[in-house]
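What follows is a single structure, written as structure tokens, with notes after it.
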Amino acid sequence: MKIALIIVVCFIVVVIVYRLLRDRQSGFVLSDASSPSSPIRDTLFGDMPLESWASAGSEAPWSHFARAKRHLDAREKEDAVAALKQVLSTPSLEPRHYLQAWHFLRPLGISPDATESRRVLGVVVEVPVEHGLDILAAYPDHSARYFNFSGAGVVWEHPDSSLDPAIDRLITTGQTVVEQIGPWDGPRPGPPPKNHLRLSFLTPGGLCFGQGPFADLAKDPKGGDVITAATELMQALMAKSQKTP
């Protein structure tokens, strides 16, 4: 109980400090990602509609998604599957590309094997605050984002390896949770309700998540580890923003 209370207090302190810093120009960007209906928020989960994801760029791997859409529009399923599998066979892509490819392949009857289906390719933590959300997202390519409810945020595109350990801890704790729960059977739900926190784990097999009151999740052995790792990463991102001139 004492440990859970410490975790909750630490997380709240981090959020308060961040709000005190949100007007700084150092490393922060303004966005609408913290809005519950934000299109930027929706890009974090690797489950965008094909027409939206395919139109985001013109070169590979975007071109593979665009080709898949053309084939699907022409009812050429096998060719669409081949185009999406080309994304999967391309090394070193941003993890959301692999999540998107599997998101489109599963309805076509193509599923990952048991091991691949549970591989965590992203963790998203959402906390409803006042009129928006605080959102932390991290991926195994060591990129990360933190968006504050105010519209301020910090985007980490892995300019160096200094945050690798913190990101790895969050992904690793998420992997531990996924090994013990199943995927969500249905569309991704809307933002978590007031006074609840949601931990989303993004896998080739689909979305896995845990949700509940903050204190309850913090007391849970699995959820508490994820919250601790998320708090450490948030603190590290904030420290980076303070060092940026």
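The values are calculated or read from the model by the stated rules, or taken from the named source; none is laboratory data. None of the values given here were measured: they were computed from a predicted structure. When we count neighbours, we look across all protein chains shown, and the Cβ atoms used for this are built from the backbone with ideal geometry, even at glycine.
Key figures
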read-out	value
His71 touching an Asp or Glu at 6+ places or on another chain (Cβ under 8 Å), part of a helix (DSSP H, G or I) and of a type outside the set (D, E, K, R)	yes
Failed item in (1) within 21 Å of Phe147 (Cα to Cα); (2) buried (at least 18 other Cβ atoms within 10 Å of the Cβ); (3) at pLDDT 95 or above, with His158 passing the rest	(2)
Cβ pairs under 7 Å, 6+ apart, first in segment 64-93 and closer than 11 Å to Leu108 by Cβ, second at pLDDT below 95	none
Number of positions in segment 91-132 that are surrounded by 14 or more Cβ atoms within 10 Å (Cβ to Cβ) and either assigned to a loop (DSSP other than H, G, I, E, B) or among the β-branched types (Val, Ile, Thr) (or both)	14
